[in-house]
Every structure is written in structure tokens, then in C-alpha cells.
1. Filter region 86-118 for residues that are away from the ligand (no atom under 16 Å from the Cβ), under 15 Å from ILE61 (Cβ atoms) and either of a type in the set (Gly, Ala, Ser) or buried (at least 19 other Cβ atoms within 10 Å of the Cβ) (or both) and give the result.
2. Specify the residue that is farthest from the chain's Cα centre (by Cα); the eligible residues are those in region 212-240 that are outside any strand (DSSP E or B) and among the hydrophobic types (A, V, I, L, M, F, W, C).
3. Right, GLY240: in contact with a helix residue (DSSP H, G or I) (Cβ under 7 Å, 6 or more places away or on another chain), on the phi > 0 side of the Ramachandran plot and either modelled with pLDDT of 95 or more or within 16 Å of the ligand (Cβ to nearest atom) (or both) or not?
4. GLY125 fails exactly one of the following numbered conditions: (1) touching an Asp or Glu at 6+ places or on another chain (Cβ under 7 Å); (2) surrounded by fewer than 17 Cβ atoms within 10 Å (Cβ to Cβ); (3) of a type outside the set (Ser, Thr, Tyr). What is the number of that condition?
5. Can you report the number of residues in region 1-14 which are out of contact with any Pro (no Cβ under 9 Å at 6 or more places or on another chain), assigned to a helix (DSSP H, G or I) and surrounded by 18 or more Cβ atoms within 10 Å (Cβ to Cβ)?
6. Among the residues of region 164-178, are any modelled with pLDDT of 95 or more and among the acidic types (Asp, Glu)?
7. If you go through region 33-61 one residue at a time, how many are farther than 16 Å from VAL193 by Cα and either within 12 Å of the ligand (Cβ to nearest atom) or part of a strand (DSSP E or B) (or both)?
Amino acid sequence: MRVYLCKNYEEMSDLAAKTVLSQVLLKPESVLGLATGSTPVGMYERLCRAAEAGEADFSRITTFNLDEYLGIEPENEQSYHSFMKKNFFTRAKIKAESIHMPSGSSEDALAECTAYDEAIAAAGGIDIQVLGIGQNGHIGFNEPGAELSSGTHIVELTESTIRANARFFENEALVPKKAITMGMRSIMLAKTVMLMASGKEKHEALSGLLSGKITTSNPSTMLNMHPNAIIICDEEAYNG
Ligand code: PGA
């Protein structure tokens with residue numbers, strides 16, 4: 001595991017964007033695993049600027065997002081579909097047919113899970129998986145618990161995740177209680193994983209990850225077993 005300690009959010013976003021840009025430069029047909037949330041917004045901004053300046057070409061990439069709320073239409077402003085369109089897909093001109101996101105409105109959610117894993121495998125697996133980290137150590141929506149799921153699955157969000165995500169909704173009651181998320185297997189099979197952590201509120205989860213111990217009560221700790229994990233964090237997340 002390589003750990004990069006950055007001064008602040010801006011430096012972290014710079015380094016994360018450079019890492020993704022090098023991946024795409026070296027392999028223009030890269031399969032990118034993408035994440036939503038506040039953490040990667042600065043990275044997406046830099047990737048969009050690079051695309052708009054003609055310094056990056058995303059025309060041949062394929063993308064798979066980690067997760068989506070369940071019971072929410074893609075057009076809903078709070079959906080992760082909308083987040084990705086606004087923060088990355090539109091400005092970086094990612095082709096619609098290259099974008100994959102779990103559907104939160106599928107009639108048959110279980111079939112959707114199987115199809116999602118098959119689509120990742122058919123694309124040749126993920127070259128680089130971008131990850132944030134929850135205050136409780138979740139990656140994607142793989143929440144802490146006695147067990148972790150390997151494949152794409154439906155999850156009940158924990159109280160802490162619902163509370164943390166309430167800031168994107170009018171009130172906490174409107175935060176969906178369930179989500180569909182890539183499982184640990186797809187994340188661990190990515191050739192490279194790049195986890196970003198910024199801010200004091202991520203300190204505890206990040207410390208667990210950096211301790212080197214592995215526990216399902218902090219799912220991010222599984223990354224200690226990944227052969228090519230990059231952790232990019234800022235001083236607040238690192239020092240608390
Ligand atoms: P955040 O979420 O980037 O909005 O803090 C990270 C996560 O929950 O994985």
C-alpha cells in the first residue's frame with residue numbers, strides 16, 4: 001500500500017487527478033471504477049478541465065460506478081446518476097454507451113446485481129477504482145458488519161451513513177434507506193485502487209485502514225490485502 005500525505009483537499013485532488021490522467025494516458029481504453037460523494041468532486045473538476053483544455057482524451061474509456069441509492073430514478077437530482085453527469089460525464093464528454101451505473105430503479109434488483117458483475121467482467125475488469133471512505137469505514141456502500149458481500153448487492157444503509165448523507169437532501173427522512181453497491185470482490189479485483197480521504201471526520205476510519213489490521217467492522221481495511229492500493233489523504237484526515 002502506498003500512502004501519499006497531502007497538505008489539504010486541493011493537493012489531494014491534484015494528485016488523484018494526475019493518477020487517473022496517467023492511467024488514461026498510458027491506456028486510453030482504460031476501465032475506470034468511479035465514486036460519488038464530496039471527496040472526489042475536486043478530482044473530477046480537474047479531470048473536466050483537462051478534457052476541456054484538450055489535455056486528456058476520455059473518448060475510449062469505459063466507466064463503472066460503485067453504487068446508487070435504491071428506489072430513486074436516474075433523473076432525480078439526488079441520484080448518483082445526476083451527480084456523475086453534473087460533475088464528470090457531461091463536461092468530459094463520456095459517451096453514454098461507455099457509462100455503467102447500478103440502476104436504483106430496476107424492477108428486478110437482484111438481476112440487476114448479477115448483470116452488473118457480468119458487465120464488469122465482460123469489460124475486462126477495472127483498471128483503476130476510485131474510492132472515498134465513509135466515516136464508518138465503508139467503501140462504496142459496503143457497510144461495516146459481521147459479514148461483507150463479495151458481489152454487487154442490495155444494502156441497508158447504516159444510521160451513520162444516512163446521517164452523513166443527509167446534507168445532500170432537504171432533510172434526513174428523505175435519504176434513501178437502501179442502496180445497490182458493488183461488492184468487495186469487484187473492488188479487490190481492480191488492478192489499482194485509489195482511495196482518497198479528506199477532513200478530520202475521516203480520521204478514525206483512515207487510521208483503521210492504515211493500522212494494517214483487517215476487520216469487517218471497517219471494510220476499507222480489506223485494501224491492506226490489495227497488491228496495488230494507493231491512499232491519498234490530507235493532513236486533517238491523517239492527523240485528526
Ligand atoms: P464523502 O463520502 O466523499 O461525501 O465524504 C465518502 C463515502 O461515503 O464513501
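The values are calculated or read from the model by the stated rules, or taken from the named source; none is laboratory data. Since we're looking at a predicted model, the values are computed, not measured. Counting neighbours? That spans all protein chains shown, and the Cβs are built from the backbone with ideal geometry, glycine included.
1. Selection gives PHE89, ALA92, ILE94, ALA96, SER98.
2. First pass over region 212-240, keeping only residues outside any strand (DSSP E or B): 212-214, 216-217, 219-228, 235-240.
Filter once more, so that each one left must be among the hydrophobic types (A, V, I, L, M, F, W, C): 214, 222-223, 225, 237.
Details: ILE214: 20, MET222: 15, LEU223: 14, MET225: 18, ALA237: 17 Å.
It comes out as ILE214.
3. Working: in contact with a helix residue (DSSP H, G or I) (Cβ under 7 Å, 6 or more places away or on another chain): yes; on the phi > 0 side of the Ramachandran plot: yes; either modelled with pLDDT of 95 or more or within 16 Å of the ligand (Cβ to nearest atom) (or both): yes.
Judged against the criteria, GLY240 is a match.
4. (1)
5. Quick first cut of region 1-14, residues out of contact with any Pro (no Cβ under 9 Å at 6 or more places or on another chain) only: 1-12, 14.
Right, trim to assigned to a helix (DSSP H, G or I) and you get 9-12, 14.
In the following step, the residues that additionally are surrounded by 18 or more Cβ atoms within 10 Å (Cβ to Cβ) were identified as 9, 12.
Number satisfying all stated conditions: 2.
6. No, that holds for no residue.
7. Let us first name the residues in region 33-61 that are farther than 16 Å from VAL193 by Cα, namely 37-38, 41-42, 44-61.
Checking the rest, the ones that are also either within 12 Å of the ligand (Cβ to nearest atom) or part of a strand (DSSP E or B) (or both) come to 37-38, 41-42, 44.
Count: 5.
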